[in-house]
Amino acid sequence: MKSRSAHTKVHEAIKEGTLPRLGQGDILCVDCGAIAVEYDHRDYQKPLEVEPVCRKCNAKRGHANGFTSHLDEMPVRTAADYYVCSRCRHEWYRRKSSEPKRCPRCRSEKWQQPEQQAVAVSVK
Ligand SMILES: [Zn+2]
Ligand SMILES: [Zn+2]
């Protein structure tokens, strides 16, 4: 899989609204919390499985798994990696163990809470 097509897919996803646009200050680097400016591919086989990072961290991370095939080539997906936004029904996977703060599509921070019963769920 070529990295070029993976990047093209990301650009298309941003245009379509599947991925939030970066560089506007509201998406933060998953590594250091600075303003994210790029999407980092961890695996070019999964062109839309990306993490927002700042330029510095992206450089630090280096190439995606496509170039270093010995690194967790076959990640086991668990229920914990699978998320559904209760607001827009967007479904997505994440390879980080930490919980996402926002839904990547509608950017709601309350994506875990059902619309009508926001009280029922306690987010720590
Ligand atoms: Zn960073
Ligand atoms: Zn959503």
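The values are calculated or read from the model by the stated rules, or taken from the named source; none is laboratory data. Model, not experiment: these values are computed from the prediction. As a convention, Cβ positions derive from the backbone with ideal geometry for all residues, glycine included, and neighbour counts pool all protein chains shown.
How many residues are assigned to a loop (DSSP other than H, G, I, E, B), surrounded by 13 or more Cβ atoms within 10 Å (Cβ to Cβ) and of a type in the set (D, E, K, R) when one looks only at the stretch 1-49?
5
If you take the residues in the stretch 1-21 that are touching a strand residue (DSSP E or B) at 6+ places or on another chain (Cβ under 9 Å) and modelled with pLDDT under 90, which one is farthest from Glu109 (Cα to Cα)?
So the residue we want is Ser3.
Given (1) at pLDDT 90 or above; (2) more than 23 Å from Gln112 (Cβ to Cβ); (3) out of contact with any Gly (no Cβ under 7 Å at 6 or more places or on another chain), identify the lone condition not met by Gln24.
With (1) at pLDDT 90 or above; (2) more than 23 Å from Gln112 (Cβ to Cβ); (3) out of contact with any Gly (no Cβ under 7 Å at 6 or more places or on another chain) applied to Gln24, the lone miss is (1).
Pick out the one residue from Arg61, Arg55, Arg89, Arg95 that is modelled with pLDDT of 85 or more, within 20 Å of Trp111 (Cα to Cα) and among the basic types (Lys, Arg). Steps first, please.
Details: Arg61 fails: within 20 Å of Trp111 (Cα to Cα); Arg55 fails: within 20 Å of Trp111 (Cα to Cα); Arg95 fails: modelled with pLDDT of 85 or more.
Going through Arg61, Arg55, Arg89, Arg95 in turn, just one is modelled with pLDDT of 85 or more, within 20 Å of Trp111 (Cα to Cα) and among the basic types (Lys, Arg): Arg89.
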